[in-house]
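S.K.: My questions will all concern the structure given below.
Computed from the coordinates by the stated procedures, all read-outs in this text should not be read as laboratory data. Note that the structure is predicted; figures quoted are calculated from it, not measured. Here the Cβ is made from the backbone with ideal geometry for all residues, glycine too, and neighbour counts use every protein chain on show.
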Amino acid sequence: MSRELFQRLRERAVQIHVEDHLRARLERGDRLRVKLGLDPTAPDLHVGHLVVLDVLRDFQDDGHTVVLIIGDYTALIGDPSGRSETRPMLTEAQVAANAETYFQQLSLVLDRKLIEVRHNSEWLAAMTAADILRLMAKATLQQVLQREDFADRMKAGTAIGAHEVLYPFSQAYDSVAIKADLEVGGTDQLFNLLFGREIQKSYGQEPQDIAVFPLLEGTDGEQKMSKSLGNYIGISEPPEQIYGKTMSIPDRLIEKYVRLISGFEATEQADVLSMKPRDAKAALARQLVKRLHGEEAAKRAEEDFNIKFRKREIPEGIEERTVTDPRDLVMVLVETGLRDSRGDARRLIEQGGVRINGQKAGADAILKDGDVLQAGKRSFVRIRVG
């Protein structure tokens, strides 16, 4: 089983470090402590997390211990990975509220009874100033600042908070505290995971192996899936929203979603990818709802979507856009990205192609907070008045 596990891991991972070492440990039957760190900076997990959660479930099924680190302490700092600016610091109350929602969501994929859950405040909050100084003495400032996000911000002259330098040290010390054998994460976490190896060595531990996996673009097809960007599909969202949002992904992402998060076997993947794009997305949407909410929920979500699509009713899972002047419908169409120019927006209105809450709208229409604005047959946004 462990040999098969390594092969599946190899097929999914972008990089494994150190590959031969990890393979040898699995093949001789070592029981590993497999670490995943989650900073509860937002209260919902999304389907992009399924990439690593599926890997963790494979390790659970093979008898290994999955150690989930709830970064309640590091979330107070904010992970700078992939950030072009300093992440806002959260309060302890915000962190606690977000962390509380994770457990129910994780049980949709993982066996909750077999997860070792730790909060890194257990060891980080207990550190004295001398402990922190000893930890930071394990590496140089140059090592930390060479990470891509810091380097890019320095070149651009964008501020880097002094507290942000603490993040990689704190995250790396988590591996020391739980004696991690393997840590998994997205490709944006590569620096943090490698840094964890170095800190473990400096504390006299055998360094963890690491495996990093592709990041999943969100429904916009451009940026990585993120709740803060509004392009996410939440794993605990209602089935109808999961189905509808999946149907909205760009065609070019179908293969990536099918291969990374569908849970389809290889032959099923091939069958789905041979379909026309709309049929493939429907099969993917049905499968995602099925694996997260069950067969009956998947059937209901598909029926709901088909009824709304055929009747041209307002669909579920509409993205929200904040506008500055709800009295200027022409400008709102441009501001929300439904049309490229004011001239294009005026023509669409004159042709009767703009609706508000399903009713045709003229140029003098005034939008209210929560209204659904429709341009053409299939483009919808929910209006929020700033």
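S.K.: How high is the relative contact order of region 320-385, given as a whole-number percent (alpha carbon pairs under 8 Å, six or more residues apart)? Spell out each step's value before the answer.
M.R.: Working: 119 pairs, mean separation 24.3, N = 66.
Computed over region 320-385, the figure is 37 percent.
S.K.: Please compute the Cα-Cα pair-distance distribution of region 223-338 with 10 Å bins starting at 0, giving whole percents from short to long.
M.R.: 13, 39, 32, 12, 3, 0
S.K.: Output the relative contact order of the chain, whole-number percent, from Cα pairs under 8 angstrom with separation of 6+ residues. Walk me through the numbers before you get to the answer.
M.R.: Working: 630 pairs, mean separation 54.4, N = 386.
Averaging sequence separation for qualifying contacts and normalising by length gives 14 percent for the chain.
S.K.: Per residue, how big is the convex hull around the C-alpha atoms of the chain? Give it to me in cubic angstrom, could you? Don't skip to the end; give the middle numbers.
M.R.: On the way: hull volume 60.6 nm³, N = 386.
Once divided by residue count, the hull of the chain is 157 Å³.
S.K.: Could you tell me the calculated FRET efficiency between THR187 and ALA151, based on Cβ-Cβ distance and R0 = 25 angstrom, to the nearest 0.05? Could the numbers behind the result be given before it?
M.R.: Details: r = 17 Å, r/R0 = 0.66.
Result of the calculation: an efficiency of 0.90.
S.K.: Which of the three applies to region 320-385, rounded, prolate or oblate, going by the alpha-carbon gyration tensor with a ≥ b ≥ c and a/c under 1.5 meaning rounded?
M.R.: Rounded.
S.K.: Starting from the Cα of THR324, step 7 Å toward the Cβ, then list every residue of region 368-386 with an amide N under 19 Å from that point.
M.R.: Counting only backbone N, you get 368-369, 383-386.
S.K.: How high is the relative contact order of region 58-204, in percent, counting Cα pairs under 8 Å that sit 6 or more residues apart?
M.R.: Values: 143 pairs, mean separation 43.1, N = 147.
Worked out over region 58-204, it gives 29 percent.
S.K.: As an exercise, use a Förster radius of 25 Å and the Cβ-Cβ distance of PHE103 and GLU19 to find the FRET efficiency, rounded to the nearest 0.05. If you can, show how the numbers build up before the last one.
M.R.: Working: r = 32 Å, r/R0 = 1.29.
Efficiency, rounded to the nearest 0.05: 0.15.
S.K.: Sorting check: for 110-120, 236-246, 330-340, 128-138, which peptide has the highest mean count of neighbouring beta carbons within 10 Å, and how do the rest follow? It would help to have the intermediate numbers written out before the result.
M.R.: Numbers: 110-120: 15.6, 236-246: 22.5, 330-340: 18.3, 128-138: 12.5.
Most protected by this proxy first, the peptides run 236-246, 330-340, 110-120, 128-138.
S.K.: GLN359 to VAL385: extension gain in nm, 0.36 nm per residue of separation minus the Cα-Cα distance?
M.R.: Numbers: separation 26, 0.36 × 26 = 9.36 nm, distance 1.96 nm.
Stretched out fully, the GLN359 to VAL385 stretch lengthens by 7.4 nm.
S.K.: Also, quick follow-up: Ignoring everything except DSSP H segments at least 4 long, calculate the 222 nm mean residue ellipticity for the chain; use -39,500 (n - 2.57) per segment, divide by total residues, nearest 500. Mind dumping the intermediate values first?
M.R.: On the way: 17 runs with 174 residues, N = 386.
Helix contribution divided over all residues of the chain: -13500 deg cm²/dmol.
S.K.: Oh, and also: May I ask for the Rg/Rh ratio of region 2-213, computed from Cα atoms with Rh as the Kirkwood radius, given to two decimals? All intermediate terms of the calculation are to be shown ahead of the outcome.
M.R.: On the way: Rg = 16.8 Å, Rh = 17.7 Å.
Result: Rg/Rh = 0.95.
S.K.: Go through LYS113/LYS308; LYS113/LYS227; LYS155/LYS245; LYS179/LYS281; LYS224/LYS290 and tell me which ones have a Cα-Cα distance over 31 Å in this structure.
M.R.: On the way: LYS113/LYS308 40 Å; LYS113/LYS227 28 Å; LYS155/LYS245 37 Å; LYS179/LYS281 42 Å; LYS224/LYS290 24 Å.
From the list (LYS113/LYS308; LYS113/LYS227; LYS155/LYS245; LYS179/LYS281; LYS224/LYS290), the Cα-Cα distance tops 31 Å for LYS113/LYS308; LYS155/LYS245; LYS179/LYS281.
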